[in-house]
Amino acid sequence: MTGKSDFSEEEWKVVLEAPPSAGLIVIASDRGGSIRESFSMAKAYTEARKEHGESELLDEIVTAKPEMDHTRFHSPDELKQASLKHITDAVELLKSKATPEELDEYRKFIVGLANRVAEAHKGITDTERSAIAEIESALAA
C-alpha cells in the first residue's frame with residue numbers, strides 16, 4: 001500500500017492539490033453559488049473520511065488539509081489550465097508510485113468531488129458538465 005511516507009514533501013503537495021483544483025475548475029466554470037459549492041467540496045472530504053480503510057493513500061489524502069494553489073490568476077481560463085496541470089501532474093506522479101487500484105480510487109474521488117461541487121448549486125449545468133469532462137480527460141492522461 002502507498003502512503004504519504006512514499007512521497008517527498010513536494011510530491012505530497014502535488015497529490016493534495018489535484019482534488020481541490022478539480023473543485024475550483026467546476027466552481028469557475030459556472031458563475032454563481034461558489035460558497036455553496038465550496039461547502040460541498042468540504043463535505044466530499046468529510047464523507048470520504050467516513051469510508052476510510054479501503055485505501056491508505058486516499059485515507060491520508062482526505063485527512064490532510066487540502067492544498068490550494070494561491071496563485072492570482074488573471075482569467076478563469078488561466079485558473080482552469082493551471083488546475084488541469086495540477087491534476088495531470090498528480091496522475092503522472094501516482095502512476096509511478098501508487099498501485100493501479102490506488103490510482104483508480106484517486107481518480108474516482110476527484111470525479112466524485114467535481115460532481116458534488118457541480119450539483120451543489122441548482123443541479124449540473126452544461127458548462128459544469130464540460131468542466132467535469134475536461135477533468136476526466138486530465139485524469140485519464
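Quick look at the numbers
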{"quantity": "Ellipticity estimate at 222 nm from DSSP helix runs (n ≥ 4, -39,500 (n - 2.57)) divided over the chain, nearest 500", "calculated": "-24500 deg cm²/dmol"}
{"quantity": "Whole-number D in µm² s⁻¹ for the chain, Kirkwood Cα-pair radius fed into Stokes-Einstein, 10 °C, 1.306 mPa s", "calculated": "106"}
{"quantity": "Folded to 0 to 90 degrees: helix 126-140 orientation relative to the chain principal axis, Cα", "calculated": "20"}
{"quantity": "Segment 15-91: trypsin sites (Lys or Arg not before Pro) falling in loop per DSSP and having at most 12 other Cβ within 10 Å", "calculated": "Arg31, Arg72"}
{"quantity": "Dipole in debye (nearest 20) - segment 6-138, about Cα centre, beta carbon charges: Lys, Arg +1; Asp, Glu -1", "calculated": "640"}
{"quantity": "Positive-end extreme of charge dipole, the chain - chosen from Thr46, Pro76, Gly112 (charges on Cβ)", "calculated": "Pro76"}
{"quantity": "Longest DSSP-loop-exposure-free segment, GluC sites (Glu not before Pro), the chain, at most 15 other Cβ within 10 Å", "calculated": "55-141"}
{"quantity": "Sparse-neighbourhood loop sites, trypsin sites (Lys or Arg not before Pro) in segment 98-141 - DSSP loop, at most 16 other Cβ within 10 angstrom", "calculated": "Lys122"}
{"quantity": "Charge sum, other residues only, whose C-beta stays under 10 Å from Val62's C-beta, Lys/Arg counted +1 and Asp/Glu -1", "calculated": "-2"}
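No lab work stands behind these numbers, since they all come straight from the coordinates. It should be emphasised that the depicted structure is a prediction, and the values quoted were computed from it without experimental measurement. As a convention, Cβ positions derive from the backbone with ideal geometry for all residues, glycine included, and neighbour counts pool all protein chains shown.
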